[in-house]
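For reference, the structure is listed below as structure tokens.
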Protein chains: 2
Amino acid sequence: MDVAEFRKRGKEMVDYIADYLENIEKRQVYPDVEPGYLRALIPDRAPDEPETFEDVVKDIERVIMPGVTHWHSPYFYAYFPSANSFPALLADMLSGGIGCIGFSWAASPACTELETVVLDWLGKMLKLPEEFLAGTEGKGGGVIQGTASEASLVALLAARARIVKRVKADHPEWTEVDIMNKLVAYASNQAHSSVERAGLIGGIKMKKLPTDSKFSVRGEALRNAIEEDKAAGLIPFFLCATLGTTPSCAFDCITELGPICNIEGIWMHIDAAYAGSAFICPEFRPLLYGIEFADSFNFNPHKWMLVNFDCSAMWVKKRADVIGAFKMDPLYLKHDHQESGLVTDYRHWQIPLGRRFRSLKLWFVLRMYGLRGLQQHIRKQVALAKEFESFLLADERFEICAEVVLGLVCFRLKGSNELNETLLKNINSARRIHLVPCQLGGVFVLRLAVCARTTESRHIHEAWTHISRLASEVLAENRP
Amino acid sequence: MDVAEFRKRGKEMVDYIADYLENIEKRQVYPDVEPGYLRALIPDRAPDEPETFEDVVKDIERVIMPGVTHWHSPYFYAYFPSANSFPALLADMLSGGIGCIGFSWAASPACTELETVVLDWLGKMLKLPEEFLAGTEGKGGGVIQGTASEASLVALLAARARIVKRVKADHPEWTEVDIMNKLVAYASNQAHSSVERAGLIGGIKMKKLPTDSKFSVRGEALRNAIEEDKAAGLIPFFLCATLGTTPSCAFDCITELGPICNIEGIWMHIDAAYAGSAFICPEFRPLLYGIEFADSFNFNPHKWMLVNFDCSAMWVKKRADVIGAFKMDPLYLKHDHQESGLVTDYRHWQIPLGRRFRSLKLWFVLRMYGLRGLQQHIRKQVALAKEFESFLLADERFEICAEVVLGLVCFRLKGSNELNETLLKNINSARRIHLVPCQLGGVFVLRLAVCARTTESRHIHEAWTHISRLASEVLAENRP
């Protein structure tokens, strides 16, 4: 394909995407395919000779679309939102066109510098403490990770390196592994599975802390764990606190946890993957009180801030802590400016070496929506969740299972887990809307997350009417 | 921005990208900016109110382009190639538009299934042993990782989990950390820094093996290390062999290393990040002899197979080994089909949870180039490297520092490291072409990697004439 054909086909693709997103409601939100459906639809090997763009494009509707779960359909209420906006799509096209790999400053200065500056912008929108910003003389700063999982892992590894160094100073006779054997990290029993996985990867004991009736980790739970572990000769060194848990959007009490961590020399990382975007609204900013005690903070603009995946924003107070955990400097990656103290080489901040020019997406979105536009998006989606909550509150067959703080509603039919499992199964089998469940204190719960950017009040009404009707059917069938 | 404006702006962006790539030769390949240049060019905070697309777009040339290192310029010869092709750009646009997050089969069946099938295609193109393919009943299979660094880490963690389980069966009294303390992994002293980093992350001792005169790890080096380590009570469990090292494109001798690993129960991972693409050509396929001994294999189509970053293809013989190292199953990620044995949930195969629909890029590229087109691309770039080598061979001032097997030429002026450092500095300061150095056996060496898809013989001529002239100047200045 030459550049002239790319001009033609690129424009056709823009129209295809525009058509897809404009008419997404007409597609069934969750596919009917069975496992293995795709293999039978395409040859079993790549062609020897080139095919045309037409050959490929006609297979999008024949092969791909029948197996797509449409995350941007207003009938999609599963998991958490995955952002999608036109400014982000345009920026991502540009990022692909430039196609630089920004592992060091020299590998493309603009790629590194825009990221640092735009993360300062974003930090200011969230009113993060000054120490998290890079500025021109700060010791902190932000980085775009691929996912919150990677951010948790990077924080844990940085904390591990810091504590190993600290303990080794007091006990030079202990090996690194001796020390690792004594380390213990903490997270909520509601924390995302990736946090537990970070411990597994890093070879670290990760203990789950109990939560209160609001699924929140309180200071006392942490204090008890620390006492018990210290008495057993262990070294508590890391806490991953969650603001907006995946099951129920619960908030760990960081105003209580933070001071304990600071006194004990424990690294506090905050994972606000979903909820973080809301903190740009003054009315939700109090949810972030206590951030001043944290060593690192992360949220995903690719969830709720209209920046397409992947864009997970992470800040640290002391970037030297992160860099120190990973730094490797082979000659082929060295460059003139790196020891000047003025440049950031993001390869030292992350698990992979290579990285796309992802800050363009953030830059386009922040500018073309403005703070106001993004606040409107958050507020609208919270209002839709509240609207759905109001339907539930008015129907005595249902109960709300966790406080509706942002765009997630956890609910169930009063009654057994089996009843609710049947309801969910029927909802998903009907294919009108798509939900996933969670477990809260041993109870099977349905989660409705307001996801698509184009979800409107009428969709919420429709979802409610549908759920209510299926609930009546389930209840009728299960009448004793 | 509404969908109508997206149609318009998207088409403008396609033209901008087409113009950029069509005229990239006219841009200076390496930027003149100093660290910190960008911050002064844009406001210090995000706007409150939305800006227009015009506002943003005019800043691409004003703010971004002056700081871009142009990886797709035919004057770019640094690092290794980063792929960029029109079919991949089109597929990436589509991937962004669909915007699904394919962490499980249910999250978008097409995203998972296309990946499995297309990696079978690619495996067949490389003539990987049958065991690496998923097929309908295979125990192996492929996955797209973000980078080769992640692939090495995943392989190391899978190997760690396998050996811990194995050792624990014999020594139930040892803790996991006791066992980790005894583990030792190996890689070439020429291996990529990310391999050493994988050891660091996984809390594993990683030993660098010496290489022979061709910078290749031989069986004897591994055998010596194993004997020594076993005598010291350690447990060798993992070897990362490299095919096509970053400094000099050297090849570890896997036909010697493989059988040793198999006998000793050591997991052999092969990192062929750059060179792997060449194995689709029958004449280069012998470089992969010995693959049958490996447990896992990885290469980056995003380097040399015209698939834009990120797309790092990894295969394992036993997918259960990888899945077992990571599996976490919270209720909100469970789905009906997952226990059927028929589906793949790629979240268990990788470090992050979320993942883009990256297989579309591979699918578009394999189909629109065909095997033949991709072979042509590889052969053309190898021929260009050979052409550059021939200029060096004809000029007695220069020496070739490593066999030119694929698209990388390692060379230097006969003489001191300082002389060559000056030459490189002058080359990069002149900004006509861009190179990076490496170190081979303590010697400072210049690397010329044929990178851009559009590099032609005339560019190689030009690069040579330029280097030759600068060499004359340096030699004149340094005449005793």
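No lab work stands behind these numbers, since they all come straight from the coordinates. These numbers were taken from a predicted model, which means no experiment stands behind them. As a convention, Cβ positions derive from the backbone with ideal geometry for all residues, glycine included, and neighbour counts pool all protein chains shown.
Observations, loosely collected:
- 45 Å tail of the calculated P(r), the protein assembly as shown, as % of Cα pairs: 27 percent
- A cut-off under 11 angstrom between Cβ atoms defines the neighbours of B:Met206, and their net charge, with Lys, Arg +1 and Asp, Glu -1, is +3.
- Cα gyration tensor shape for the stretch A:14-108, rounded if a/c is under 1.5, else prolate or oblate: oblate
- Cα-based equivalent ellipsoid, the stretch B:101-191: semi-axes from gyration tensor eigenvalues, Å: 31, 17, 14
- Anisotropy class of the stretch B:143-229 from Cα gyration tensor, a/c 1.5 cut: oblate
- Kirkwood hydrodynamic radius over Cα pairs of the stretch A:422-470, then Stokes diffusion coefficient at 20 °C and 1.002 mPa s, in µm²/s: 183 µm²/s
- When each of A:Ser213, A:Ser277 is scored by the number of other beta-carbon atoms lying within 10 Å, the sequence from fewest to most is A:Ser213, A:Ser277.
- Of the residues B:Lys318, B:Lys58, the one with the fewest other Cβ atoms within 10 Å heads the list, and the complete ranking is B:Lys58, B:Lys318.
- Rh by Kirkwood over Cα pairs, then Stokes-Einstein D for the stretch A:329-466 at 0.692 mPa s and 37 °C, µm²/s: 175 µm²/s
- Fewest-first sequence of B:Thr465, B:Thr242, B:Thr455 by Cβ atoms within 10 Å of each Cβ: B:Thr465, B:Thr455, B:Thr242
- Working from label points 7 Å from Cα in the Cα-to-Cβ sense, the B:Ser472 to B:Lys139 distance is 6.5 nm.
- Taking chain B, the Cys residues with no second Cys beta-carbon under 4.7 angstrom are B:Cys100, B:Cys111, B:Cys240, B:Cys249, B:Cys253, B:Cys261, B:Cys281, B:Cys311, B:Cys438, B:Cys451.
- Counting only lysines at least 8 places from A:Lys214 when in the same chain, those with an alpha carbon closer than 23 Å to its own are A:Lys386, A:Lys414.
- Of all lysines in the structure, those lying under 19 Å Cα to Cα from B:Lys8, and not within fewer than 8 positions of it along the same chain, are A:Lys8, A:Lys11, A:Lys361, B:Lys58.
- Each Lys or Arg adds one and each Asp or Glu takes one away; over the other residues whose Cβ falls under 11 Å from the Cβ of B:Glu264, this sums to 0.
- Share antiparallel - DSSP beta bridges, chain A, percent rounded to 5: 55 percent
- Helical content of chain B, expressed as a calculated mean residue ellipticity at 222 nm, amounts to -13500 deg cm²/dmol (DSSP H runs of 4 or more residues, -39,500 (n - 2.57) each, divided by residue number, nearest 500).
- For the stretch A:260-317: rounded, prolate or oblate by the Cα gyration tensor [a/c cutoff 1.5]: oblate
- Cα lying deepest toward the dipole's positive end in the stretch A:411-480, options A:Ile427, A:Leu440, A:Trp464, charges on Cβ: A:Trp464
- FRET efficiency, A:Gln439 to B:Val443 (Cβ-Cβ, R0 56 Å, nearest 0.05): 0.40
- Pairwise centroid distance, computed over Cα atoms, of the stretch A:339-383 with the stretch A:221-285, Å: 24 Å
- Of all DSSP beta bridges in the protein assembly as shown, antiparallel share, percent nearest 5: 55 percent
- Considering the stretch B:115-157, its Cα convex hull presents a mean projected area of 3.3 nm².
- Reachable lysines, given that their alpha-carbon falls under 25 Å from the alpha-carbon of B:Lys207 and they are not under 8 places away in the same chain: A:Lys165, A:Lys168, A:Lys182, A:Lys327, A:Lys334, B:Lys165, B:Lys168, B:Lys182, B:Lys230, B:Lys317
- Distance cut-off 28 Å, percentage of C-alpha pairs in chain B lying past it: 58 percent
- With K and R counted +1 and D and E -1, the other residues having a Cβ less than 10 Å from that of A:Val29 yield a net charge of +2.
- Our note on the geometry: Cα centres of the stretch B:19-50 and the stretch B:407-461, 27 Å apart.
- By the Stokes-Einstein formula, at 1.002 mPa s and 20 °C, the stretch A:53-135 with its Kirkwood radius over alpha-carbon pairs has D equal to 128 µm²/s.
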